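Have a look at the structure below before the remarks.
The values are calculated or read from the model by the stated rules, or taken from the named source; none is laboratory data. In this text the structure is predicted, and so the values were computed from the model without any measurement. So basically every Cβ, Gly included, is an ideal-geometry build from the backbone, and we count neighbours across all protein chains shown.
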Amino acid sequence: MATGALVLLLGSDAKRVAGPTSSPRQLARLTELGPVMSPAVDPQRPPRALAPVVAGPGRAGIEASPLESLEGGIRPAPPQRIAIPAAGLDAVVEPVSSNGGAIRVPDVGRAGWYDAGPRPGEIGRAVIIGHLDSREGRGLFSRVPSLPPGTRVDVTDRRGEVRRFNVVGAAQVPKDRFPARYVYGAAPAPVLVLVTCGGPFRAGRGYRDNVLLFARAA
């Protein structure tokens, strides 16, 4: 995204796609196969107690996220960092929201989590976006389009819990046919969707396509 434009159309659907691996529909289905990896606490066990964080003199204080009840356990906290060791990626995640039918672009050097959707580790599809490139060079997600199936993706939440995912595949779709249904739709298991730009770059208009990387809870 050399011009900083990452357009994600929230209300459209894909009628045809061209991708390096498979269609978004097929990849979304792959993320749902197999046992459901629920982030909820075992109902037979009480949730583990979490001590409050207290800032002492001369020490940096950390603001703990309040515990949010969820049937069967505690809801995951919002994501704070994303790491993909195979891509040399370890970065801060900031919440981003939609504006005029598109997701706001995260700051360069940071990933953006779509805060109107599930949190990583929750049942459903959590969406994290990042720049492919910038005027200064390669972006945070520059290697995301080439990550093979099986690649590990770790997302750490604000309580320090690490949610691990494995890539199942990628698809490349025109931005004007963005398959919102298969990116933001419900899922019976925790799913992570990474989104960046791709395809030919058009001067003054940015990249033509989006690249979608689908991963399932490990």
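Here are the numbers for the structure shown:
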item	result
Output for region 162-180, where each listed residue is of a type in the set (D, E, K, R) and within 16 Å of the chain's Cα centre (by Cα)	Arg163, Arg164
Single condition Glu136 does not satisfy, out of (1) surrounded by fewer than 24 Cβ atoms within 10 Å (Cβ to Cβ); (2) closer than 22 Å to Leu27 by Cα	(2)
Flag for Pro20 being within 30 Å of Val144 (Cβ to Cβ) and modelled with pLDDT of 95 or more	no
Filter pass, Gly185 being more than 23 Å from Val92 (Cβ to Cβ), assigned to a loop (DSSP other than H, G, I, E, B) and of a type outside the set (Ser, Thr, Tyr)	yes
Subset of region 125-161 (residues that are in contact (Cβ under 8 Å) with a residue 24 or more places away in the chain, more than 15 Å from the chain's Cα centre (by Cα) and part of a strand (DSSP E or B))	Asp133, Ser134
Filter result (over 18 Å from Asp115 (Cα atoms) and either assigned to a strand (DSSP E or B) or under 18 Å from the mean Cα position of the chain (by Cα) (or both)) within region 190-211	Cys197, Gly198, Gly199, Pro200, Phe201, Arg202, Gly206, Tyr207, Arg208, Asp209, Asn210, Val211
Residues of region 162-182 satisfying the condition of being outside any strand (DSSP E or B) and of a type outside the set (A, V, I, L, M, F, W, C)	Lys175, Asp176, Arg177, Pro179, Arg181, Tyr182
Top-ranked residue in region 164-202 [being of a type in the set (Gly, Ala, Ser) and touching a Ser or Thr at 6+ places or on another chain (Cβ under 9 Å); ranked as surrounded by the most Cβ atoms within 10 Å (Cβ to Cβ)]	Ala171
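Conditions (1) modelled with pLDDT under 75; (2) not in a strand (DSSP E or B), marked per residue:
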position	(1), (2)
Pro52	yes, yes
Ala60	yes, yes
Pro76	no, yes
Ile82	no, no
Ala91	no, no
Pro95	no, no
Pro106	no, yes
Gly112	no, no
